[in-house]
1. Looking at segment B:1-86, which GluC sites (Glu not before Pro) are in a loop (DSSP not H, G, I, E or B) and have at most 15 other Cβ atoms within 10 Å?
2. Which angle from 0 to 90°, rounded to the nearest 10, does the C-alpha axis of helix B:144-154 make with the longest principal axis of chain B?
3. Helix by helix through chain A, keep the DSSP H runs that span 24 Å or more along the axis on Cα and average at least -1.0 on Kyte-Doolittle, and give those back in order.
4. Which of A:Ala45, A:Ala87, A:Ala180 moves most in a GNM of chain A, Cα contacts under 10 Å?
5. Sort largest first and round to whole Å: the equivalent ellipsoid semi-axes of segment B:91-155, each the square root of five times a Cα gyration tensor eigenvalue.
6. If r is the Cβ-Cβ distance from A:Asp236 to B:His100 and R0 is 51 Å, what FRET efficiency results, to the nearest 0.05?
7. Can you list, largest first and rounded to whole Å, the semi-axes you get for segment A:177-265 by taking the square root of 5 times each eigenvalue of its Cα gyration tensor?
8. Please name whichever of A:Pro218, A:Leu251, A:Thr189 sits farthest to the positive end of the charge dipole of segment A:177-265, dipole taken about the Cα centre and charges placed at Cβ: Lys and Arg +1, Asp and Glu -1.
Amino acid sequence: MLLSEVAYARPATLEQALGVLAEHPGARALAGGQTLVNVMKARAASPDVLVDLSGIPELKGIELGSDGTLELGPMTTYTELIGSSEARARPILGEVCAQIADVQVRNRGTIGGNVCASDPTNHLPPVMVAVGAEFRVSGTGGERTVPAEEFFLGVYMTAAGPGELLTKITIPPGRSDGFASVPIGVDGTCIVNAAASLNGGVRVVLGCVGATPVAVEPASADAEAVRDAVRDADLDPPSDVHASADYRRHLAEVVAARAVERAGKGS
Amino acid sequence: MDVVTSQTIGVEVNGTTYEREVEARRLLIHLLRDDLDLTGSHIGCDTGNCGACSVILDRTLVKSCMVLAIQADGASIETVEGLAGEEQLTPLQQAFSDHHALQCGYCTPGMLMSATALLRENPKPSDEEIAKAIQGNICRCTGYWNIFEAIKAASE
């Protein structure tokens, strides 16, 4: 398909990338392109300039600190993360990335792209909130750190505003995490998903049931307690061709309980 | 920082070097099919779902309808045309023939590239690994079983 006319820049440094974004208000960052290129085909987005981030070394790579903290470059692809021995420090990351789409998409698609798209059906937003990730957001005016629960602002909207870029994802140490979903076909788009983390308390974060991930904190890891907590959250999920709102509310309880159970097994 | 709407790019496709001026909006699949006349890679869905446009870009399997041609500047690309020699099919292609792994043939170039990428990385894949490897390739004749058998045979 022929895309609408667009200009292109491939900066070699973060500073250059932020400069182009600042100069061109209609510019958009191009990460792996596995969402944005399709969105452009559908004319749902028409950026003036694509700022290709693939040539910026500092946005790549995975580092494991001595205390078990992981620092992920947002341009890390799903395939790179799945194959990273460092990333095994928090096993849920690779486990969930391996469930996203297919080989070709995982080879191009990036961690940063997944979270910055803030599509409510994406896999990683609930995972990032559950594990307590922190996002470094950089702009020409400087940088700030945003906790994952404050990063997702709405459908396709995040705390990384116009002219800003997500430049680092920090994942604290921890192991007892779990993920569960009901997707459309194996490894397809999620109808409802949930990530759980039992690293000090019980934290369950639901995806696909609202514009942004919904966190609940059950009194215990007991399945009934988890289901009660989800019921008490008064979810207001959308209805669509795949599932009614009522069915999504039901699935939310089911996948939350499964995610907690998997987290209990150390995932 | 240069912001361009078109650029002359150099790519190596199946061992041959090409230079072409491409618009920034041009998809890699169109560079291959329309500019280089390499029509083996197909456009099935044009939405990144079907995998008929799969090619190997710098040793990585990608869907060429979701990569911009301008991003491939300096890259080495393999398409289905590069698999066979003059007269000689690859063992994988021969296995596709032997196992009737193509019906209408539309998905075949993408299936071959996905299976080629798999067998390079993992010469002895398990049944599950074969199934996972072609998950991004849709056969609308639904002839998956013979494709699976062909890949399995080529791996043995």
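1. B:Glu86
2. Its long axis makes an angle of about 90 degrees.
3. Numbers: long enough: A:245-264 (28 Å, -0.31).
TM-like helix candidates: A:245-264.
4. The residue that fluctuates most here is A:Ala45.
5. Working from the Cα gyration tensor, I get semi-axes of 16, 12, 10 Å.
6. Efficiency at R0 = 51 Å is approximately 0.50.
7. Details: eigenvalues 83, 40, 20 Å².
Ellipsoid semi-axes (Å, largest first): 20, 14, 10.
8. Selected residue: A:Thr189.
A short reminder: the numbers here are calculations on the coordinates, not readings from a lab. Note that the structure is predicted; figures quoted are calculated from it, not measured. Note that each Cβ is placed from the backbone with ideal geometry, even for glycine, and that neighbours are counted across all protein chains shown.
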